[in-house]
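Below is one structure, written out as structure tokens; comments come after it.
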């Protein structure tokens, strides 16, 4: 994720990218932290029936996946891994027995992932036995040790979470003093703002939370939340899901007033539930030391070389051969229509929301009781009624200051739980962005011949053979995965990156096998014998192939200096295409301000008219 | 590149004297016509297309046209030949377009325009040739050439548009009782106001238009006011969609040729702002430079060539050169639209649509076999309510996407609609507290029915006469207000460089508001909702960091505000427990101080003296734990000084404290004062104070230079010396 500051560097950029809120909430500064406190007693290493992995193994896989996902999505977060009930002890002052701090609280890196790998599987159990060993249990000591981890951190921590992984519901075997100590230490931790969760695992005879752990874990965030899951996790997926749901602190991108009119206002938080994950931007390093360097951009006067301050500069555009000049403030003012917020226009039946009216990924809103009390019940009433009447709310939306309005559809979504009683869909409204007239292009659609029933029926058979249940989290981004595998390989000095499985590729063989003769039958129905759909009619392609394959086929024409000079002199650079201009700039090492055609031409003209 | 359609257009405006006549209180037709032309040219300038525009005036005092020989075609002036419109033209219209004193035959003017169009479009390719006539028809015309003219227009493929001050069917309407307020509700002059020439002229207009375009021709006749309303909207940004030919594949051997077009995407302004020098307004005067520097104290600069590329991998930064990256990165094998499988449409959630566009997929225009094959797929999907999940790659260089292709069957065409779907990495699983079964938030029956009524009153669809429901607020018909406002401001600034920016145009404001009909209907239900739902703004805590936040407001260290709240109760307790307090102690100096002031057992001066003594002691420790306590003391000192109307002691103490900051290394402490805004007491707070509000506000800022000047001036006052002695 890109640093938000980068977006302010280029002032001319539209503020549209705004939503990159990597910092999330403006009010909370500081880092998130997460401590895994894992039981390392013998019971944890008992293998499940029919070769199921042991609880310990499952926990380590889960921790590993959190590490790697943190590396990708939030590399500033801090994570620690602590074992309790070990034979060996290792902690900062070695003042706690049977507590092993495997990873101190820090941001996860490649080495840590390798460390976890050592604890995985059969070998991992062996390794754990050698390094950790199983010993006495004192959860109180362990919690105390964890609280020291937090207090040793010099940075500001915004969100502190501690997850206990265990399959023992009575860790001290009835030792009341130890129980009491654990309770006290847990209370101390909670007082300093640490949220304690229990990730309890299966145990023969069932895990009884009420025996001991109900006093240790943090109370649910509000009375409604299912604080302690009744069922312990049996499967890795369940555990991962449960950990994942807690591991990320949800943060509002912004908090806004939702105005129904006549002074009826409620407060909502705006959340991003899906955003295209991008390859992070590169960091510039100093060649000699591999130390990160910062960039500074400054403006100076071309003639006298003086540094230009913001008010020494103005903004300009040229229209109809006339230069129009404005102050930076005025450019901002133009974008201001109203204060930030959501304003209700009215309601429409759901079928008025067109599938193809899509311009941006959706947002999500949820009431903010802390800003305007009563928001939640108003919001709930709206949610219930909208979903009952099958309508959506149409609103005008201004996300922040000096941003022009957009219209959005608020689509109600009621809460749904999955089989394991975990929330599958949260309650709230999805914010769907609607296009303005300018955003809809006129496509010259035409009616060709249509298919006969027989042809359609044959296709239905094909469709039927290839049906599957789509799940939105089923596909990994191969570009990102490859990128991180590459980095991993470089960071860990591996010979070559681990291969990735590209889930976006069609499984052609399997499809062919499932379809069998259907493909040919369909082709016989729709295509005449001499028709080859893979043949490329030349005439059609020429006009449209602007980007892709075209570049490959066309041999690169390098412009000679004379040719370019000629173009500059005659002012005919405009006739060249953008790729040619770009190549020319590259060829002569000319720096450009951007990649727009005019910018390229300007740069070339400057270079050659000197 | 697809070549944009270009058109040539001649504006032909009547400036004859009759155009300046109007009924009292009405704008003369001349002014209206001028505005139409202005708005039109303005739109053209900002649309930045290749259209060419000419301007011909008739009824002018002079004559300037190529047909004017032997006294023919007099009083007709070709003001501007066909060329791309620019600001110069706009300025000319603004300043030079004046009413003339003559009258000229509009048919003659039309002939001049035809001549202009034909001569000046020779050798150039235009898709459309158009002449726009703006006149009140108030002149004798010679009809003998009419047939020839119509014939020539048809032959040359020139289209005509008329803009008149009155509606074409004005007469009929007047006869029909005059209650039908036309589609535009234009202030039309009643038909009976037309004179004989105008009536005759109207007949001719009708004649020409119907013979050119038959029935539809009459739709090209507008009134000025109608046109103005339409033209005030800047042209929407119009882009020709680019065709993207590809092949849809299902398995290894089923291939269908397709063409994709971007159908919906967020349009951006074409031009960005260039940075220019404030004085010269020259872009070249501003140079931008990016330097790299090390993250050390000196910010040592590093040459660009001495930097390499790296990426963060968690806490590590991995050097990874551009060359290596290109070598190792994911490579896709070119453009594709490959079906991965088919799934139920309902499994694809609308809110999980990703990306910023919708692509419409058709069969190529000339390929009927592909059309049949694609049609079979579209219809099969449609009847099964399914969609295709596809891998989509625009070209070899772009990242592959996984998306959904939905069937779309319309009266006029069929296609697939492609939308990008999320990758696993894009999704964030947030859990939110439950709302529905939460006792605190469950709305009551009466609250629910209030919301029910509100929704009913605010429906943005209406039933028309045929019982069809009509959308009365179509967002996709609203022009993007951002562009409208931008062009309005650019135009305004272009014409009046020294004026401030104009306000948002009323029509634009209006389209962004709730429709009036709805706002009237929902009044009562909204009031009901307002009374049934108690909504109260929670007073927010100060967002700024206070000292309490820095050191944690844990139980043992009460923060300053808490002290204030607790005052009342604590006094009483203290009085009961300890009898009378006689001096400010070190355990709870704030409480003691406040008690002393209240009991008035010692003088105010003495109490302050004791307090400052304690503050100095606390500060002497120079450790953060004591800072909070000191701050609380200073806060109490200030509060009590304000309430007893004695600012002098506090102000002089604070000033001396400030002077001692550098010597005693109390910068950190001073920062806390700044955060809590504990500054001098100003005149506004206490009458006797010699400090102005502004000075008080600036006081906390630590400026070395000012410091030196301020110090000696203060040293003369006796109180300060006393206070300094105590330290």
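Nothing in this text is a laboratory measurement; each read-out follows from the coordinates by a stated rule. All values derive from a computational prediction rather than experimental measurement. Ideal geometry is used to build each Cβ from the backbone, glycine not excepted, and the neighbour counts take in all protein chains shown.
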log10 of Debye I(q)/I(0), alpha-carbon scatterers only, for the range A:31-247 at 0.07, 0.16 Å⁻¹: -0.18, -1.11
Helix axis angle, A:453-465 relative to chain A longest principal axis, alpha carbon, degrees: 40 degrees
Mean-position separation - Cα centroids, the range B:300-350 and the range B:438-515, in angstrom: 41 Å
Rg to Rh quotient for the range A:27-144, alpha carbon positions, Kirkwood Rh: 0.99
Overall form of the range A:332-466 per C-alpha gyration tensor (a/c, 1.5; a/b vs b/c): oblate
Compactness of chain A - radius of gyration and Dmax, Cα, Å: 30.5, 94
Folded to 0 to 90 degrees: helix A:375-389 orientation relative to chain A principal axis, Cα: 70 degrees
Sorted peptide list for B:599-610, A:313-324, criterion being average Cβ within 10 angstrom, highest first: A:313-324, B:599-610
Degrees between helix A:55-73 axis and first principal axis of chain A (Cα, 0 to 90, nearest 10): 30 degrees
Euclidean distance of C-alpha centroids, the range A:307-383 and the range B:605-661, integer Å: 48 Å
Fraction of the pair-distance distribution of the range A:477-532 above 12 Å, Cα-Cα pairs, percent: 74 percent
Overall form of the range A:129-191 per C-alpha gyration tensor (a/c, 1.5; a/b vs b/c): oblate
Contact order normalised by residue count of chain A, Cα under 8 Å, 6+ apart, percent: 9 percent
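With an 8 Å Cα cut-off and a minimum separation of 6 or more residues, compute the relative contact order for the range A:561-609 in percent. Could the numbers behind the result be given before it?
Values: 35 pairs, mean separation 18.6, N = 49.
About 38 percent, as a whole number.
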Relative contact order %, the range A:31-247, counting alpha carbon pairs below 8 Å whose residues are six or more apart: 23 percent
Dimensions (Å) - the range A:401-494, Cα atoms, principal axes, largest first: 59, 46, 38
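Provide the convex hull volume over Cα atoms per residue for the range B:479-535, in Å³. It would help to have the intermediate numbers written out before the result.
Working: hull volume 6.9 nm³, N = 57.
Convex hull of Cα atoms, per residue: 120 Å³.
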Per-residue average of Cβ from other chains inside 10 Å of A:104-117: 2
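Could you state, as a whole-number percent, how many of the C-alpha pairs of the range A:561-609 are farther apart than 17 Å?
Values: 187 of 1176 pairs.
In whole percent, the long-distance tail amounts to 16.
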Protection proxy ranking, peptides A:155-165, A:360-370, average beta carbon neighbours within 10 Å, highest first: A:360-370, A:155-165
Geometric extent, Cα atoms of the range B:579-698 - Rg, Dmax (angstrom): 13.9, 43
